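First up is the structure itself, then whatever we jot down about it.
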Amino acid sequence: MKIKETFINDSILRFTLEGVDVAVANALRRIMTSEVPTMAIDEIYVAENTTPLFDEVIAHRLGLIPLKTDLDSYVPKDKCSCEGVGCSRCQVILSLDKKAESDVETIYSDALKSDDSKVTPVSPNIPITKMIRGQRLTLEAYARLGTGKEHAKWEPVSACFYKYKPLVELDTVKCNLCGVCVSECPKNIFKIEKNKITLENTDTCILCLECVNKCKPNAIHVSYDKNNLLFTIESTGSLPPERIFLEALKIFDDKLSELKSIITGKSEVDK
Ligand SMILES: [Zn+2]
């Protein structure tokens, strides 16, 4: 399997994956969406709520706020030595206490004060509820590690997908420079420069075949490379996108070891 990074920033990672079957790529995609753990609020204790929203609606809204995750310092609650009671190794407490001082006020995610500075809301601007003067919301929220398999709030990715690498070829002998492909392509792959059609960013092609269908002299051929996949991972911000991919590879590796031990009838412990 050959991996070549093509783009990376704080939330998006794009790379090409060469020499693997699409089933392997799909397994990785599924692991990333449903098995890489992140932190999310799972329980709340409401001390006072005079806002227009019911406690359970607020609980639901808090659960969906992505939290920065520190995977190296926490363990899942069910694997913790506290046996699910909740301790500093498996849960983070975020408290919120706001009273509206003006006529109408919105409480945002930055009102959640975490007892661990590494586990905080990804964005400070996610609205939780609105209040009018005098209304108050006081609560304590408990965040823990979980996976997307259990609930979508633990998914580390907002988008995770791949496509075959598009192959766009132009027959310069047949091409009559009519320019139809330039105007029809929704991704602006074709450019006319100095009486010549040039191709750029062909990876963005969505295989809509508009260029092929509209090109009268049949000078364009569009296909895709089955051995070359273009992967995009877009993180919710809980984890860096490269970490999500590396964690997925680890989980995939563990699964393969488990499968191997089942097939050979030997567990890793026996060895
Ligand atoms: Zn614990």
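Values in this text are rule-based calculations from the coordinates and carry no lab data. These figures come from a predicted structure and were not determined experimentally. Positions of Cβ are backbone-derived with ideal geometry, glycine not excepted, and every protein chain shown enters the neighbour counts.
Loop-located GluC sites (Glu not before Pro) across segment 1-103 with a Cβ neighbour count of 11 or fewer within 10 Å are GLU83, GLU101, with loop assigned by DSSP.
Between LEU167 and GLU56, the contour length at 0.36 nm per residue exceeds the Cα-Cα span by 34.9 nm. Listed by chain and number, the lysines placed with their C-alpha closer than 24 angstrom to that of LYS250 are LYS2, LYS4, LYS68, LYS77, LYS79, LYS118, LYS149, LYS153, LYS163, LYS260, LYS266, LYS271; residues fewer than eight positions away on the same chain are left out.
Among the cysteines of the chain, CYS160, CYS175, CYS178, CYS185, CYS205, CYS208, CYS215 have no other cysteine beta carbon within less than 4.7 Å of their own.
Divide by every residue of the chain the summed helix terms, -39500 (n - 2.57) for each DSSP H run of at least 4, and state the resulting mean residue ellipticity at 222 nm, rounded to the nearest 500 deg cm²/dmol.
Values: 5 runs with 56 residues, N = 271.
Computed mean residue ellipticity for the chain: -6500 deg cm²/dmol.
The charge dipole of the chain, taken about its Cα centre with unit charges on the Cβ of Lys, Arg, Asp and Glu (plus for the first two, minus for the last two), comes to roughly 920 debye. A dipole drawn for segment 39-153 from +1 and -1 charges on Cβ atoms has a positive end, and of TYR142, GLY86, VAL119 the residue lying farthest that way is VAL119.
For segment 39-153, the convex hull drawn through the C-alpha positions has a volume of 95 cubic angstrom per residue.
Seen through its C-alpha gyration tensor, with square-root eigenvalues sorted a ≥ b ≥ c, the chain comes out oblate because a/c lies at 1.5 or above while a/b is not bigger than b/c. Take the convex hull of the alpha carbons in segment 182-237; its mean projected area over all directions comes to 5.7 nm².
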